[in-house]
Amino acid sequence: MSMPTQGSGLDSGYHPDAGAPHSAAEVKGSSLGDLMRQVTTDLSTLMRQEVELAKAEIRQEGKKAGKAAGLFGGAGFGGYMVALFVSIAVWQFLDNVMDSGLAALIVAIIWAAIAAAFYSMAKKNAQQVRGLKQTNDSVQRIPDALKPHPEGVTR
């Protein structure tokens, strides 16, 4: 899968054949309609690239989040098993003071270790989920002129 790239403007994503002027003289020679068409085309391209970048990042981060969720599920199941076998162990201890209750407690301790291992792996994977960092970084580079004005600023 290829990641969309974004040029920084006149020097890295534009081609003279595409109608983007490179000098002040060419800009002065262009009509307002041509300039607006170029700005609209550039904004449309920028927005499409940002949406594609966001989609790619969401897919990538979603896989990490899914894996972490599965591991948390394993930890939850392990915790359930601990509760089940501890309950059985307490019941057996009350019924048979030592024999089968001790065996059930040993099984519960093994499940506790398994649950702890699942939890540790899930926590490590959850910390690797970082959100839409590339999209956020590239949106920050959109010129201030395109961003909404803060409240209280009048034109």
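The values are calculated or read from the model by the stated rules, or taken from the named source; none is laboratory data. Quick caveat: nothing in here was measured; it's all calculated off a predicted structure. Note that we place each Cβ from the backbone using ideal geometry, even for glycine, and neighbour counts take in every protein chain shown.
Can we say G76 is part of a helix (DSSP H, G or I) and surrounded by fewer than 17 Cβ atoms within 10 Å (Cβ to Cβ)?
Details: part of a helix (DSSP H, G or I): yes; surrounded by fewer than 17 Cβ atoms within 10 Å (Cβ to Cβ): yes.
Against the criterion (part of a helix (DSSP H, G or I) and surrounded by fewer than 17 Cβ atoms within 10 Å (Cβ to Cβ)), G76 qualifies.
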Original post:
Does any residue of region 47-58 turn out to be of a type in the set (D, E, K, R), in a helix (DSSP H, G or I), touching a Lys or Arg at 6+ places or on another chain (Cβ under 8 Å) and under 20 Å from V139 (Cα atoms)?
Top reply: yes
Subset of region 124-139, residues closer than 17 Å to K67 by Cα, among the charged types (D, E, K, R) and free of Cβ contacts under 8 Å to residues at least 24 places away in the same chain, comes to K124
The condition from (1) out of contact with any Pro (no Cβ under 8 Å at 6 or more places or on another chain); (2) closer than 30 Å to E26 by Cβ that A122 misses is numbered (2)
Listed by first then second residue, the pairs whose first member lies in region 35-64 and is aromatic (F, W, Y), whose partner is surrounded by 15 or more Cβ atoms within 10 Å (Cβ to Cβ), with beta carbons under 6 Å and at least 6 positions apart or on separate chains, are none
Subset of region 36-54, residues touching a Pro at 6+ places or on another chain (Cβ under 9 Å) and surrounded by 14 or more Cβ atoms within 10 Å (Cβ to Cβ), comes to Q38, Q49, E50, E52, L53
Residues of region 77-136 being of a type in the set (S, T, Y), out of contact with any helix residue (DSSP H, G or I) (no Cβ under 8 Å at 6 or more places or on another chain) and modelled with pLDDT under 85, in sequence order, are S87
